2 protein chains.
Amino acid sequence: MVDILHRIGIRATPEAVTHALSTADGVAGWWSATTTGDGGRGGRLSVPFDDPTHPYVIEVVDLDPGVSVRWRVVAGPPEWVGTHVEFRLSRPDDRTVVLFRHQGWAEPVEFMHHCSTKWATYLLSLREHLETGSGRPRPHDLKIDDWG
Amino acid sequence: MVDILHRIGIRATPEAVTHALSTADGVAGWWSATTTGDGGRGGRLSVPFDDPTHPYVIEVVDLDPGVSVRWRVVAGPPEWVGTHVEFRLSRPDDRTVVLFRHQGWAEPVEFMHHCSTKWATYLLSLREHLETGSGRPRPHDLKIDDWG
């Protein structure tokens with residue numbers, strides 16, 4: 001098992017960060033603009049990417065507002081299904097620091113390299129969304145390579 | 001052992017990418033603006049970050065122009081010393097795709113999370129440097145959190 005790790009500091013409250021990670025309108029602000037669903041603990045979010053008829057589906061399996069959010073990937077790329085995405089929050093200064101971990105990858109395939117860089121750009125988008133009100137969710141996401 | 005993985009596509013030749021990864025003036029264009037040293041296979045580069053009296057030092061241990069570059073970290077943060085940074089190049093379209101791996105971390109410490117996101121921003125800087133002539137090497141690097 002290998003993980004994708006990231007760390008970003010955001011000038012927003014832990015509660016605002018939690019909202020952006022666990023609700024449809026929050027996730028729509030930085031990851032995929034057409035996200036729908038219930039959110040909240042045990043809720044599921046539908047997150048369209050390339051193929052609108054086959055959105056990624058994530059379940060919010062843990063939610064401790066201001067402290068941590070954990071997703072399970074229910075549908076999406078084969079390499080993603082069954083993996084978990086965890087966000088742990090801390091407050092070292094006026095920023096909320098997000099420790100990110102996408103865990104459960106079976107192998108460090110080339111697609112995992114792509115997803116690691118892409119997650120970094122989406123976490124920068126999360127910061128922009130929360131600090132300026134204007135993130136870069138798909139389809140406005142920063143393209144990084146020939147895969148998007 | 002855990003690795004940091006990334007993937008980025010750059011509209012430049014594999015030879016230009018190799019140059020940017022294995023010479024002092026190349027590395028100065030995207031990682032640390034005050035990089036000095038010999039570069040080339042077996043050469044060492046001195047790459048200053050926070051403390052100019054204690055630069056990071058990397059040795060170019062493998063160099064296959066247009067194909068791959070591999071560094072060994074000789075001096076730098078304790079977690080980095082002895083680790084390797086590998087860049088493998090391919091050419092799926094008019095872009096050179098860089099597969100990045102920073103390998104040999106002993107533990108997935110919080111600093112590794114930071115470095116993973118920071119590497120993504122430096123690879124975006126490498127792309128800007130090669131595509132536009134103007135990257136974001138330190139001290140012009142994008143700050144991502146309370147650690148820089």
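Quick notes on this one:
- Each residue in the range B:119-148 was checked for being under 16 Å from A:Leu142 (Cβ atoms) and in a helix (DSSP H, G or I), and 12 pass.
- Matching residues, the range A:117-146, being closer than 17 Å to B:Ile10 by Cα and either polar (S, T, N, Q) or away from chain B (no Cβ under 14 Å) (or both): A:Thr117, A:Thr121
- Where B:Trp71 falls short, out of the listed (1) within 13 Å of the chain's Cα centre (by Cα); (2) surrounded by fewer than 20 Cβ atoms within 10 Å (Cβ to Cβ); (3) not hydroxyl-bearing (Ser, Thr, Tyr): (2)
- Checking A:Asp38, A:Asp51, A:Asp64 one by one, the residue that is more than 14 Å from the chain's Cα centre (by Cα), within 19 Å of A:Val98 (Cα to Cα) and surrounded by fewer than 16 Cβ atoms within 10 Å (Cβ to Cβ) is A:Asp64 and no other.
- When the range B:74-105 is limited to residues that are in contact (Cβ under 8 Å) with a residue 40 or more places away in the chain and under 14 Å from the mean Cα position of the chain (by Cα), the one that is farthest from B:His54 (Cα to Cα) turns out to be B:Leu89.
- Unmet requirement for B:Gly37, which otherwise passes all of (1) in contact with a helix residue (DSSP H, G or I) (Cβ under 6 Å, 6 or more places away or on another chain); (2) touching a residue at least 40 places away in the same chain (Cβ under 8 Å): (2)
Every number here is computed from the coordinates shown, using simple stated rules; none is lab data. This one's a predicted model, so the numbers in the text were calculated from it and none came from an experiment. Positions of Cβ are backbone-derived with ideal geometry, glycine not excepted, and every protein chain shown enters the neighbour counts.
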